[in-house]
Each structure stands twice: as C-alpha cells, then as structure tokens.
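Below: the structure, in structure tokens.
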Amino acid sequence: MAWYKRLIWFATILALIVVVLGAYVRLSDAGLGCPDWPGCYGELIPTGIEHGDIKADFPERPLVETGKAWREMVHRYVAATLGFAIVLIALLAWRNRKEPGQPVKVPLITLGVVIFQGLLGMWTVTLLLKPVIVMGHLLGGLTTLGLLFWLLLEDARKHQPGVRQVSWPAAIGLIVLVCQIALGGWTSSNYAALACPDLPTCMGQWWPEQADFNEGFIMWRGIGVNYEFGVLEAPARVAIHFVHRLGAVTTTIVLLLVGGHYWRKRHVSAALRTACLAVWAALAMQVSLGLATVYFGLPLAIATGHNGIAAVLLLTMINLNNVASRR
C-alpha cells in the first residue's frame, strides 16, 4: 500500500505538470511541431531531424522548427510517464482489491480515461489541431488530474466516520466550472484569446454587434482542415471570446455564492472553511490572470499560468465537493 500511495502522489503532480506543459505547447504554437505520432518526423527522439529529407517525407511541413518539435516531444514523454504510472496504480489497486478501504473503480476508470486521452493526443496531431479534439484533450487531461486528486483525498480521509451524500451547491459549482474550462479550451483552440483586445468592453461595445455566434460554435467542420493558427473569421472569434467572458463572470458569481453558502452555515467545520477559502483564492488568481492575458496581449507566461491556475481551481472545487459531501 505504501507504493500505491506514493504512485498516486507522483501521478497527481505529474498530471498537473502535463496539463501545464500541454498549455505551453498549445500557446507557443507547437501543437504541430511534430506532424506525426507517436514519433517526431519519424524519430522517437528529435535529434538531428533538421538534417533529414523532410520535404520528401512530410511535404506539408517543409520547414522543421526544432524548438517546437522538442517542446511537443517533451510533453509526450511526460504524458507517457504519467500513463505508465496510472497503469501501475490500476494494477496495484486490482491486486489489493480485497483489502479494506482499497478503491478499485476509480483507478480503473482513471486508466480508461488515460487510454482515451492518448487517443485524443494522437488525433490532435493527425486531425491537424481540430478544435473539438484539442478541447477534448484538455478536458481529458483535467479529468485524469481530477480523478487522481480524488484518490488522494479519499485516501487521506478514509478513516473518518460518516456517509457520503452529494452536496448540490458544490456539485453545481463544479459543473459550471467545467463548462467554463471547456469554453476556455474552445477559445484557445480557435485562436480567439485576443479577439476582444479591450477591457471591460469587447470591440468598444458591451455587446459586440459584429459577433457571429453561429459560425463560432460549429463543433465539426469535416476532415482535412488544418486549424493551425485558426480558420475562423474575426466575427466568429469575437463571438467565442465574448461567450468565454460571459462564462467567466457567471462562473465567478456562482463560485462566490457556493462558497458563501457553506461559509454561512452554523457549526461549519474548519475543513469546509479552508476548502471555501482555497476556492476563493484560486478564483481570484484565475480572474486576475485572465484580465492580465488580455490587457498585456497574451504573453506566453501569463497565458500558460491562466491554464495552470484553471487546473488548480478545479482541484479546489473537487476538494470542496469531497469535504461538503461528508456527513
């Protein structure tokens, strides 16, 4: 069991790193730094790829950008390590399934998710950064992180008495947050992060008249379209960005109200108060980074941090659900 706990800790930290690395790769336009999968220009280690006959083997990528190739492959190496760790967690959970308090379903579900996540990673490249796949890949990575974090929480509190019962305010807050994260993924994958370059208005208007909401939210546009750097016209990107802003305002209000709901309760536990404070702190950081991303013109460090804190905010909401659901 000691190795099982260590592996969960290791995998949880690694999953957070993978999420941040994925954001860094996407935001630095390295998503197609390697146009094939699982290798990079036919090599598992992209050393010397610039000396190969790239024009013959990859005519659609006549220019090799070694820096982007390495960023993409480092992300794949770390993700593969995470996948291997999750396989070991699932095997250990199954082997120890008869021991009291040993979870089996969640480790097996996590294994299934990470296998599908690997497929999404492949499709991200082979389908040329199709936004719905990129968004799904982001959500898959966060789902993997969330499941591993839930295992950590359950292991830490498995000896506490009480029964489980869904606490709906926290559950609703989590659902709203996940929807907003999906909107963020859609915004990023369609290169719409700066479609509204002003604050607090969008294109100088509180409700941008030129926004094309129908075009902006077409999920599937067929096979063979290269989405690198985006294919949408400005009005569609404005619509996506604006909806993401509306979602940010809605999510902020909901999470503040959810935390306030538990904070005002009589006989609230110290753990529940701490969980609420953690949500509010992460929320404040996330809103600040979101505003800074637009105000400073999408600097890579701030935009990557915005993605990373979104993952941390998700973890704080999972923790709130875990604490609030205990009776």
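The values are calculated or read from the model by the stated rules, or taken from the named source; none is laboratory data. This one's a predicted model, so the numbers in the text were calculated from it and none came from an experiment. Here the Cβ is made from the backbone with ideal geometry for all residues, glycine too, and neighbour counts use every protein chain on show.
Observations on the structure shown:
- Any hit, region 260-271, residues being surrounded by 19 or more Cβ atoms within 10 Å (Cβ to Cβ) and touching a Pro at 6+ places or on another chain (Cβ under 9 Å): yes
- Within the option set I309, I240, being closer than 30 Å to P35 by Cβ, assigned by TED's automatic domain parsing to the domain that holds Q205, in contact with a helix residue (DSSP H, G or I) (Cβ under 6 Å, 6 or more places away or on another chain) and of a type in the set (A, V, I, L, M) holds for one residue only, I240.
- Of the residues in region 67-89, at least one is closer than 30 Å to E228 by Cα, among the charged types (D, E, K, R) and in contact with a helix residue (DSSP H, G or I) (Cβ under 7 Å, 6 or more places away or on another chain).
- Restricting attention to region 278-301, the residues that are part of a helix (DSSP H, G or I), within 21 Å of V243 (Cα to Cα) and aliphatic (A, V, I, L, M) add up to 8.
- Sub-8 Å Cβ pairs linking a first residue in region 207-236 that is touching a residue at least 60 places away in the same chain (Cβ under 8 Å) to a second residue that is among the small types (G, A, S) and assigned to a loop (DSSP other than H, G, I, E, B), at least 6 apart or interchain, are E228/G31, ordered by first then second residue.
- Verdict on V20 being in contact with a Ser or Thr (Cβ under 9 Å, 6 or more places away or on another chain) and part of a helix (DSSP H, G or I): yes
- Residue list for region 137-193, filter: among the β-branched types (V, I, T), surrounded by fewer than 23 Cβ atoms within 10 Å (Cβ to Cβ) and touching a helix residue (DSSP H, G or I) at 6+ places or on another chain (Cβ under 6 Å): T143, V176, I181
- For V106, the test of being surrounded by fewer than 21 Cβ atoms within 10 Å (Cβ to Cβ), outside the structural domain of K265 (by TED's automatic domain parsing), of a type in the set (V, I, T) and in contact with a Cys (Cβ under 8 Å, 6 or more places away or on another chain) is failed.
- Residue in region 263-273 that is out of contact with any Leu (no Cβ under 6 Å at 6 or more places or on another chain) and either polar (S, T, N, Q) or farther than 29 Å from L313 by Cα (or both) present: yes
- Every test in (1) surrounded by 19 or more Cβ atoms within 10 Å (Cβ to Cβ); (2) among the β-branched types (V, I, T); (3) free of Cβ contacts under 8 Å to residues at least 12 places away in the same chain is passed by I89 save one, and that test is (3).
- Among the residues making up region 192-223, those that are touching a Leu at 6+ places or on another chain (Cβ under 8 Å) and within 19 Å of T124 (Cα to Cα) are A192, I223.
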